[in-house]
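The values are calculated or read from the model by the stated rules, or taken from the named source; none is laboratory data. Keep in mind it's a predicted model, so treat the numbers as computed, not measured. In this analysis, Cβ positions are derived from the backbone assuming ideal geometry, glycine residues included, and neighbour counts consider all displayed protein chains.
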Amino acid sequence: MKVRYRAAAGIAVLAMAVAACGGGGGAAKKPSAEQSQQAQQQMAETPSISINQVAYDQVKDGGTLTLPIGQWPTQWNVNHVDGNQADTADMLDPIMPQLMVSDDKANFTPNPDYVTDVKNDMSSGKQVVTYTLNDKANWSDGTPITWKDLEAAWKVNNGKDKKYKPASTDGWDKIESVTKGDSDKVAVVTFAKPYLEWQGLFNRSTNHLLPASHVLDPDKYENDYKQKIPVTAGPFKVEKIDEGTKTLTLVRDDKWWGKKTKLDKLIFRWMDPSAAVNGFANGELDATDILAGAPADLKRAKEVPNADIRKALSPNWRHITVNNQSTFLKDKPVRQAVAYAINRDVITQSDLKDMDWPLQTLGNHVFMNNHKAYVDNSGDIGKYNLDKAKQMLDAAGWKQEGDYRKKDGKELDLTFVIPTDTPVAKTEGELTQAMLKEAGIKVTVRPVPVDKFFTDYIIKGDFDLVPFTWIGTPLPLGGLPQIYKTGSESNFPKSNDPELDKAIEAVGNETDQTKAYELANAADKMIWDLVHTIPLYQRPEIWATKKTLANFGARGYKFYDWSAVGYTG
């Protein structure tokens with residue numbers, strides 16, 4: 001989204017797009033077998049990465065890279081649920097530590113800029129991961145990065161102290177202790193229970209490492225990063241945060257101990273999504289992402305001289321979140337009726353039409369279409385069935401009276417919350433409104449301010465239905481406890497299902513990856529039945545960039561090497 005809700009799971013992001021196809025209700029046809037086969041072939045032909053990879057020594061020194069963002073943060077503490085935004089993560093990548101980094105095949109390796117050695121040892125009967133931190137690694141205030149910073153990350157994210165509000169506790173809650181090793185530069189992380197996706201800790205897959213001095217105290221955790229970034233530790237440093245223009249300007253950090261950045265300056269600018277492609281075309285931006293529902297943007301970008309369109313498969317997916325605790329949706333049969341009445345194929349076709357992207361719905365809450373563990377678990381409830389929806393509503397006591405249904409004198413009226421100035425979300429709302437009207441359900445589309453969309457509406461549960469995108473990571477299993485487990489700050493529907501919680505816990509306790517994937521698919525079937533979230537499609541990752549821009553674009557699972565991002569000419 002680009003609002004991230006991090007964990008080993010991912011992040012939420014706004015769908016920012018300029019144009020979307022309109023449409024009516026649920027009468028559109030399901031893709032034919034031929035169309036489905038074409039989509040599968042198209043999916044297979046889409047690369048896993050497209051960033052114009054160039055060796056570091058072949059990238060020229062100097063230059064400025066200006067990028068757009070769709071959501072300007074007020075909370076820069078990425079441990080905090082309010083700071084768990086995709087744009088925030090993107091802006092922190094060049095200035096904050098990541099102990100492990102992923103390649104385009106989702107393989108993690110230690111990041112030598114921050115750790116010189118990482119050992120995962122099971123010989124004691126418990127999982128013990130030992131991080132040897134780089135002796136040169138310091139915070140920008142001159143303080144060494146030590147084991148205490150890792151200990152602080154564990155304490156603020158494990159969920160035990162309710163003074164902290166982590167986006168996810170997954171993995172952190174399995175840690176028994178973080179202790180000092182042979183020196184302050186050695187952190188020994190001992191797990192009470194084995195954790196299969198431990199590589200995702202201490203990086204953008206969960207939370208960038210922040211200094212203990214600014215997060216361990218609950219007041220500092222809440223306030224030290226509000227509209228400011230007090231300390232950094234990366235190849236770039238903050239030159240200026242401009243709240244007026246919503247711009248973050250980064251420059252080379254001369255104290256950086258790793259490879260010198262090729263770029264002199266890196267600028268992130270908030271820009272109305274409707275203006276981003278024009279900003280790219282007129283030279284205000286050096287690259288821009290192009291989201292679903294914006295075929296006019298894609299066409300415009302292709303016409304820009306010396307532009308390069310970069311596409312890759314990514315672990316990001318579009319969906320509709322369904323409030324399990326709202327007045328009208330707290331009863332599961334009603335939620336299931338809503339699911340039957342929504343034609344996912346129609347919305348997918350509308351959002352992806354003319355985007356040069358596979359028109360393929362997503363049948364899984366955990367794995368993307370191209371993941372080896374992907375199984376379509378949508379079953380019957382994932383299929384459009386208006387008659388079934390009507391039958392379930394009748395059985396639940398919601399009787400048709402005129403255009404809409406009533407029960408105990410109340411009209412069945414759902415609120416579909418969307419961020420302003422996001423046409424793709426507006427179209428999704430209008431399509432859902434038309435579809436549910438056919439079942440006798442009234443839907444009111446409610447635009448709300450973009451900068452309040454998550455903090456004041458989604459996080460607070462002020463919605464019935466809401467569309468956005470989860471930004472995934474190379475480690476998919478963490479999404480289960482983060483998004484679907486009872487009590488998680490990122491369980492926005494506030495679902496409460498003890499049996500699902502047990503299934504999720506079983507996944508987390510499994511140390512064999514194949515078995516864990518099987519258990520995750522079993523849990524996914526329960527999520528479909530619960531109607532916690534209605535998946536739509538695997539979100540396109542499409543970037544328009546200058547042709548000379550190297551090591552940047554559609555990265556899929558790969559983490560950027562910001563030292564190597566730059567220009568070839």
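Could we say that D356 is part of a helix (DSSP H, G or I) and either in contact with a Cys (Cβ under 6 Å, 6 or more places away or on another chain) or closer than 14 Å to L291 by Cβ (or both) here?
Values: part of a helix (DSSP H, G or I): no; either in contact with a Cys (Cβ under 6 Å, 6 or more places away or on another chain) or closer than 14 Å to L291 by Cβ (or both): yes.
When the stated conditions are applied, D356 does not pass them.
When L475, L465 are checked against the criterion of being aliphatic (A, V, I, L, M) and modelled with pLDDT of 95 or more, L465 stands alone in meeting it.
Here the condition is being more than 21 Å from N107 (Cα to Cα) and more than 22 Å from the chain's Cα centre (by Cα); of P467, P481, P498, it holds for P498 alone. Of all residues in the stretch 269-300, those that are of a type in the set (A, V, I, L, M), under 25 Å from L248 (Cα atoms) and buried (at least 19 other Cβ atoms within 10 Å of the Cβ) total 7.
Residue check: T249 meets all listed conditions (1) surrounded by 23 or more Cβ atoms within 10 Å (Cβ to Cβ); (2) in a strand (DSSP E or B); (3) of a type in the set (S, T, Y) but one, namely (1). Can D380 be described as over 25 Å from the mean Cα position of the chain (by Cα) and surrounded by fewer than 20 Cβ atoms within 10 Å (Cβ to Cβ)? So D380 passes the test. If you go through the stretch 430-456 and keep only what is at pLDDT 95 or above and assigned to a helix (DSSP H, G or I), you end up with E430, L431, T432, Q433, A434, M435, L436, K437, E438.
Of the residues making up the stretch 301-326, those that are surrounded by fewer than 20 Cβ atoms within 10 Å (Cβ to Cβ) and within 19 Å of K437 (Cβ to Cβ) number 1.
One residue is enough: does the stretch 318-327 have a residue meeting the conditions basic (K, R), touching a residue at least 60 places away in the same chain (Cβ under 8 Å) and either in the same structural domain as N551 (by TED's automatic domain parsing) or not in a loop (DSSP other than H, G, I, E, B) (or both)? Yes, because at least one residue in the stretch 318-327 is basic (K, R), touching a residue at least 60 places away in the same chain (Cβ under 8 Å) and either in the same structural domain as N551 (by TED's automatic domain parsing) or not in a loop (DSSP other than H, G, I, E, B) (or both).
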